[in-house]
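The values are calculated or read from the model by the stated rules, or taken from the named source; none is laboratory data. From a predicted model like this one, the values you see are computed outputs, not experimental measurements. Cβ sites come from the backbone with ideal geometry, for glycine too, and all protein chains shown count toward neighbours. Note: accessible area is taken over every heavy atom of the protein model, side chains too, but ligands, DNA and RNA are not part of it. Shrake-Rupley method; radii C 1.70, N 1.55, O 1.52, S 1.80 Å.
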Amino acid sequence: TIYKGNLSSLEESEFSFSEILSTRIKIVIDNFDNTPLDIDSFQVKGNAHQMLIRFNKEAHYYLTYGNHELEKPLYDIINFEDKIPQELKSIELGPEEVIVGLQGKDVKPLFANKIWLWAIMGLIIFVLGYFSLRMIRQKE
């Protein structure tokens, strides 16, 4: 659940919530004992993101994303926000390319098969039982 709110005919029916990445949104309306709502349509709006970059020389540049373990870059352009020109040139991105093989390796469990785990647990129980019985017999 990303948002809970109330619809009212006396107020604007608009909800704002924090930004999320999603391809599907499910809306659940609980009318309780009220008459059913007549909803003709609804709109979902999001922020238009922009990225300001200064290219010093002509070259092939790449925009990469998806590695959440990397730190965000820290550039000094944030100190000069008032010096950014109002008229900026737009560039178009090429087609998206998925880089395969550089993702993190899947971590496999130490014992992928549960039979090995049960066999080792049984061995440990057997060894503990053997030494326990041996200690009891030595005391007698």
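Could you please give the count of residues in region 66-90 that are under 12 Å from residue 54 (Cβ atoms) and not charged (D, E, K, R)?
Final tally of qualifying residues: 6.
On the given criteria, is residue 50 at pLDDT below 80 and among the polar types (S, T, N, Q)?
Details: at pLDDT below 80: yes; among the polar types (S, T, N, Q): yes.
For residue 50, the condition - at pLDDT below 80 and among the polar types (S, T, N, Q) - is met.
Taking residue 116 and the conditions (1) of a type in the set (Phe, Trp, Tyr); (2) under 30 Å from the mean Cα position of the chain (by Cα); (3) open to solvent by 100 Å² or more (accessible area, probe 1.4 Å), which numbered condition does it fall short on, given that it satisfies the others?
If we test residue 116 against (1) of a type in the set (Phe, Trp, Tyr); (2) under 30 Å from the mean Cα position of the chain (by Cα); (3) open to solvent by 100 Å² or more (accessible area, probe 1.4 Å), just (2) comes out false.
Here is a yes/no grid of residues against (1) farther than 30 Å from residue 9 by Cα; (2) exposed (fewer than 10 other Cβ atoms within 10 Å of the Cβ); (3) among the small types (Gly, Ala, Ser):
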residue: 41; (1), (2), (3): no, yes, yes
residue: 57; (1), (2), (3): yes, yes, no
residue: 60; (1), (2), (3): yes, yes, no
residue: 69; (1), (2), (3): yes, yes, no
residue: 74; (1), (2), (3): yes, yes, no
residue: 88; (1), (2), (3): yes, no, no
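Name the single residue, out of those in region 77-86 being among the charged types (D, E, K, R) and at pLDDT 80 or above, that is surrounded by the most Cβ atoms within 10 Å (Cβ to Cβ).
Here the answer is 83.
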